[in-house]
Amino acid sequence: MQTKILLEESQIPKQWYNVIPDLPGPLAPVINPRTLKPVTPDDLTPIFPMAIIEQEVSTQRWIDIPEPVREIYRLWRPSPLFRARRLEQALGTPAKIYYKYEGVSPAGSHKPNSAIPQAYYNKQAGIRRLATETGAGQWGSSLALACSMFGLECTIYMVKVSCTQKPYRKSLMELWGGKVIPSPSEFTNAGRSILAQDPSSPGSLGIAISEAVEDAASHADTNYALGSVLNHVCLHQTVIGLEAKEQLKIAGDYPDVVIGCCGGGSNFGGVAFPFLADRAAGRQVRCLAVEPASCPTLTKGVYAFDYGDTAKMAPIAKMYTLGHDFMPPGIHAGGLRYHGDSPLVSQLYHFGQIEARAYRQNACFEGAVLFARHEGIVPAPESSHAVRAAIDEAVLAKEEGKERTILFCLSGHGQLDMAAYDSFLSGNLEDYEYPEESIRKSLANLPEVE
Ligand SMILES: *Cc1c(COP(=O)(O)O)cnc(C)c1O
């Protein structure tokens, strides 16, 4: 009866799994925001190295992980797979709950899985500096870590409201050598134009992306790195699901349902895609993406072409979206406050290959506290959405008197999110209404493509 299932370092995957060849249909083209024509590799070379551009459009099912990347992965990979026996017992459920714990990375989340290869490919291409955005600070700290490992400079536009909510994430980024700029800032045209309209703007991921892209596009020695949404990011994150599969094999199990929280879709895609490959081959497995009720991209958004950012500088992609100028309420799961979603996750949802569900933050923190009291680990506010869904699946199994094997991705720990836990424990955590009116307004501003 194992509680913790570990793999050897030599079992770190040697290849990432690319879901593109196994999608239910062809992916819609990505559109250049200026020409409204499909993006060409030349459009992307000002901000991405060629190796990343190739991965973005690759139709190869398996892509080699460079050895220097695996070498750094060894610092925390393979990550452990736990069986949540004490939580199962507390719930009195016949279900088996497994969780893949990505909080063991130095940054405390799954994000270094993609930050490391992105920094590596940029270094190989002779780039000197990377610019990026960060919401809760998880991606910014992961990229600062990756840049310090490869000797690159790192500039991070951090959503202003998160700078106040998560001051220690800023410290962490600076500790790893990153330069943190609260966004919207005076350093870019995109930031200045937002500040002109609203000097007290709390910022959003969409605005911060605009600033980072502008910075990268206007400096030859600087590229841009994105921590979620794009195909290559989901690709890098598949190490999560690939390892989990091997670990479940050791346990003699296979999941009925695979769960991940979903902001831009990278940890969900990372844990779910390798199982969707089995599903494409005819195996029964459900995959469930969990999002906040206040930023309900899959469950309340539309499947349409939209800008990746607020200033309409980033490419237009076909995805589930709430509109590029949607400003989500300031929930504590900052990493889930994005108006759009991965085009891969979106297409799979559109074709009914995956499911989605939305929760309010109090329900998530309630689940996270129950989890922490039985399993010990404090979930990140983002991950608490997956925890909540896993608990609900286990309770449903109990009500139905059925066995069920549940796998969820615990995408990060919440040790730097104590302000959020404080406000939950003191009963002061606000549950925002579903922002129907502002979503309706922003959906009226989608670009006309097709
Ligand atoms: C950033 C983040 C997320 C959301 O991003 P995805 O790309 O949807 O995975 C989820 N969990 C944690 C811990 C994060 O840091």
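The values are calculated or read from the model by the stated rules, or taken from the named source; none is laboratory data. All figures in this text were calculated on a predicted structure; none of them were measured in a lab. For neighbour counting, all protein chains shown are included, and Cβ atoms are generated from backbone atoms with ideal geometry for every residue, glycine included.
I need the full set of residues from segment 244-279 which are surrounded by 24 or more Cβ atoms within 10 Å (Cβ to Cβ) and of a type in the set (D, E, K, R), in order please.
Within segment 244-279, none qualify.
Which helices (runs of 4 or more DSSP H) does segment 212-309 wholly contain that include 3 or more residues that are more than 30 Å from residue 74 (Cα to Cα) and of a type outside the set (Gly, Ala, Ser)? Break it down into steps so the answer makes sense when it comes.
Details: elements: 231-251, 266-280, 297-300.
Output list reads 297-300.
Residue-wise test of (1) in contact (Cβ under 8 Å) with a residue 24 or more places away in the chain; (2) within 13 Å of the ligand (Cβ to nearest atom); (3) out of contact with any Asp or Glu (no Cβ under 6 Å at 6 or more places or on another chain).
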position	(1), (2), (3)
381	yes, yes, no
385	yes, yes, yes
391	yes, no, yes
403	yes, no, yes
409	yes, yes, yes
413	yes, yes, yes
422	no, no, yes
425	yes, no, yes
432	yes, no, yes
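Any chance you could count how many residues in segment 207-223 are more than 17 Å from residue 195 (Cα to Cα) and in contact with a Phe, Trp or Tyr (Cβ under 7 Å, 6 or more places away or on another chain)?
So the answer is 3.
Given the residues 308, 263, which is the only one that is within 12 Å of the ligand (Cβ to nearest atom) and closer than 23 Å to residue 118 by Cβ?
Numbers: 308 fails: within 12 Å of the ligand (Cβ to nearest atom).
Sole residue among the options that is within 12 Å of the ligand (Cβ to nearest atom) and closer than 23 Å to residue 118 by Cβ: 263.
All but one of (1) closer than 28 Å to residue 423 by Cα; (2) surrounded by fewer than 20 Cβ atoms within 10 Å (Cβ to Cβ); (3) within 24 Å of the chain's Cα centre (by Cα) hold for residue 200, so report the exception by its number.
Here residue 200 meets the rest and fails (3).
The conditions are (1) part of a strand (DSSP E or B); (2) touching a residue at least 60 places away in the same chain (Cβ under 8 Å); (3) surrounded by fewer than 24 Cβ atoms within 10 Å (Cβ to Cβ), and residue 130 fails exactly one of them. Which is it?
(3)
Kindly check whether there is at least one residue in segment 318-329 that is more than 20 Å from residue 266 (Cβ to Cβ), of a type in the set (D, E, K, R), in contact with a strand residue (DSSP E or B) (Cβ under 8 Å, 6 or more places away or on another chain) and part of a loop (DSSP other than H, G, I, E, B).
Looking for residues that are more than 20 Å from residue 266 (Cβ to Cβ), of a type in the set (D, E, K, R), in contact with a strand residue (DSSP E or B) (Cβ under 8 Å, 6 or more places away or on another chain) and part of a loop (DSSP other than H, G, I, E, B), one finds none in segment 318-329, hence no.
If you go through segment 105-126 one residue at a time, do you hit one that is away from the ligand (no atom under 16 Å from the Cβ), in contact with a strand residue (DSSP E or B) (Cβ under 9 Å, 6 or more places away or on another chain), more than 23 Å from residue 167 (Cβ to Cβ) and assigned to a loop (DSSP other than H, G, I, E, B)?
Yes: segment 105-126 contains one or more residues that are away from the ligand (no atom under 16 Å from the Cβ), in contact with a strand residue (DSSP E or B) (Cβ under 9 Å, 6 or more places away or on another chain), more than 23 Å from residue 167 (Cβ to Cβ) and assigned to a loop (DSSP other than H, G, I, E, B).
Failed condition for residue 352, given (1) in a loop (DSSP other than H, G, I, E, B); (2) modelled with pLDDT of 95 or more; (3) under 18 Å from the mean Cα position of the chain (by Cα); (4) over 28 Å from residue 104 (Cα atoms), with all others met?
(3)
Exactly one condition in (1) buried (at least 22 other Cβ atoms within 10 Å of the Cβ); (2) more than 18 Å from the chain's Cα centre (by Cα); (3) outside any helix (DSSP H, G or I); (4) aliphatic (A, V, I, L, M) is not met by residue 172; state its number.
Only one criterion is unmet by residue 172, namely (3).
Pairs, please: C-beta under 6 Å, at least 6 apart or cross-chain, first residue of a type in the set (Asp, Glu) and in segment 51-70, second assigned to a helix (DSSP H, G or I)?
From segment 51-70, the pairs are 56/231; 56/232.
Surrounded by fewer than 20 Cβ atoms within 10 Å (Cβ to Cβ) and among the polar types (S, T, N, Q): which single residue out of 218, 162 fits that description?
Within the list 218, 162, the selection yields 218.
For segment 368-393, name all the residues that are surrounded by fewer than 24 Cβ atoms within 10 Å (Cβ to Cβ), assigned to a helix (DSSP H, G or I) and touching a strand residue (DSSP E or B) at 6+ places or on another chain (Cβ under 8 Å).
Selection gives 372, 375, 393.
For a quick check of your reading of the model, give me the residue pairs whose first member lies in segment 156-180 and is under 18 Å from residue 203 (Cα atoms), whose second is of a type in the set (Phe, Trp, Tyr) and in a helix (DSSP H, G or I), with beta-carbon atoms closer than 9 Å and at least 6 apart or on different chains.
Listed by first residue and then by second, the contacts come to 156/139.
Which of the numbered conditions does residue 339 fail, given that it passes all the others? Conditions: (1) surrounded by fewer than 22 Cβ atoms within 10 Å (Cβ to Cβ); (2) at pLDDT below 95; (3) within 16 Å of the ligand (Cβ to nearest atom).
(1)
Looking at this structure, is residue 333 in contact (Cβ under 8 Å) with a residue 12 or more places away in the chain, within 11 Å of the ligand (Cβ to nearest atom) and in contact with a Pro (Cβ under 7 Å, 6 or more places away or on another chain)?
So residue 333 fits the description; yes.
Given the conditions (1) in contact with a Pro (Cβ under 8 Å, 6 or more places away or on another chain); (2) touching a residue at least 60 places away in the same chain (Cβ under 8 Å), report the number of the one that residue 93 does not fulfil.
That leaves (1) as the condition not met.
Do you know which of the residues in segment 414-432 that are among the aliphatic types (A, V, I, L, M) and modelled with pLDDT under 95 is surrounded by the fewest Cβ atoms within 10 Å (Cβ to Cβ)?
Looking at residues that are among the aliphatic types (A, V, I, L, M) and modelled with pLDDT under 95, I get 418.
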